[in-house]
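Notes follow once the structure below has been shown.
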Amino acid sequence: MKLSKCLQYINTALNFPAVTYLDINLFFDMAIAELNTTLHTAIPSVSDMIEAFRQNVSKYEANKIILEDDPADSNYIIPSNPTDPLENEIPCYYDSEEKTFYILNKYSHEYIPHKIVKAVFITSAGMHLYQTINYGSTAAWAEVPMDPNYECDLDAYLPDDWILLWLIPYVCFKYTSRDGGTAQTFAEELAQGFQQLQETYDVPDKVLLATYADKDAYHSLAEDNLNNLNIYVPTMAIYENMKHSRNTNAIYGDFYDRGGF
């Protein structure tokens, strides 16, 4: 779940007061801090998640390019089957017969095929993200809606269960209490939700880095310990595989069972 979607849910729960992230950023970080102190984990604050997301968005990927011209100037249309693309140094074009996008590699001076291409266009107002879409013989850039300044992937650190049953009620409770409203409903949801989550998840305080080295939450730790991933590190994210199976009640024999008591 994106942070922007989480904010939409919070505004819905609060009856649409048009709350922005900057209005309640403290409460987000407080919610994560309480999780860490209770579960003995090291989940990054939402502020740190946003910073990590910015770095992740801007880092190099094989199918990502940086646009020098505003896609709006060409009505977001990507050139299809151009003549002599190398001569004109077209950064990206679409082959309608193969239904494939080609990206110019300026170092090898050749085009590399990709099914999907991501693009970044930077202006004085901020960063804009685009992704290719194709329909028939035409392809275009579609802007990915996001706030480039305050956005992150919450589900890289918390499952939706924890966001819906803990994070959102916590923020709503703190916001309502600050404004002098009645926060009893959110307090009850908060307590019940956390109890349910603790009964459902078995979150360790440390995990083997080699097991989670491919996850975004452990990316920096994996890079720092490439020579030895077989080490235990503080838990930095909660995942669905940490759910334990439902406990069944023990069955005891009675006097009439074989062997008796």
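None of the figures in this text is laboratory data; all of them are computed from the coordinates on show. Keep in mind it's a predicted model, so treat the numbers as computed, not measured. Every residue, glycine as well, gets a Cβ built from its backbone with ideal geometry; the counts of neighbours run over all protein chains shown.
If the chain between residue 222 and residue 70 were fully stretched, how many nm would it gain, using 0.36 nm times the residue separation less the Cα-Cα distance?
51.1 nm
Kirkwood hydrodynamic radius of the stretch 145-221 from all distinct Cα pairs, in Å?
Working: mean 1/r = 0.0675 Å⁻¹.
Averaging 1/r across every pair of different Cα atoms and inverting gives 14.8 Å.
When averaged across all projection directions, what area in nm² does the alpha-carbon convex hull of the stretch 1-108 cover?
Computing the convex hull of the Cα atoms and averaging its projections yields 11.6 nm².
Please report, in debye to the nearest 20, how large the charge dipole of the stretch 59-143 is about its Cα centre when each Lys and Arg carries +1 at its beta carbon and each Asp and Glu carries -1 there.
Using Cβ point charges on Lys, Arg, Asp and Glu, the stretch 59-143 gives about 420 debye.
Taking only the Cα atoms of the stretch 49-129, how large is their convex hull per residue, in Å³?
Enclosed volume per residue, from the Cα hull, is 115 Å³.
Straight distance only, please: which lysines reach the Cα of residue 243 with their own Cα at less than 26 Å, same-chain residues fewer than 8 apart left out?
Reachable lysines: 2, 5, 206, 215.
With unit charges on the beta carbon (Lys/Arg positive, Asp/Glu negative), name the residue among 158, 128, 108 whose Cα is farthest towards the positive pole of the charge dipole of the stretch 79-167.
108
What are the semi-axes of the equivalent ellipsoid for the stretch 125-178, taken as the square roots of 5 times the Cα gyration tensor eigenvalues, largest first, in whole Å?
35, 15, 9
Counting Lys and Arg as +1 and Asp and Glu as -1, each charge on the Cβ, what is the dipole of the chain about the Cα centre in debye, to the nearest 20?
Values: 16 positive and 37 negative charges, 118 e Å.
Its charge dipole is roughly 560 debye.
Provide the percentage of antiparallel DSSP beta bridges, counting only those with both residues in the chain; round to the nearest 5. Write out the running numbers ahead of the final one.
On the way: 28 of 32 bridges.
Here the antiparallel bridges make up roughly 90 percent for the chain.
Under the Kirkwood approximation applied to all pairs of distinct alpha-carbon atoms, what is the hydrodynamic radius of the chain in Å?
22.1 Å
Counting helices only, and only those DSSP H runs with n ≥ 4, report the 222 nm mean residue ellipticity of the chain as the sum of -39,500 (n - 2.57) divided by its residues, in deg cm²/dmol to the nearest 500.
Here the helix-only value at 222 nm equals -10000 deg cm²/dmol.
Check residue 144: other-chain or 5+ apart residues with amide H under 5 Å from its amide H, H built from backbone geometry?
129, 130, 131
Ranked highest first by the average count of other Cβ atoms within 10 Å around their residues, in what order do 69-77, 9-17 fall?
9-17, 69-77
Using only Cα atoms, find the angle between the long axis of helix 168-178 and the longest principal axis of the chain, and express it within 0 to 90 degrees, rounded to the nearest 10.
80 degrees
Tell me which lysines have Cα within less than 29 Å of residue 106's Cα, excluding those fewer than 8 residues away on the same chain?
Straight-distance partners of residue 106: 59, 64, 115, 118.
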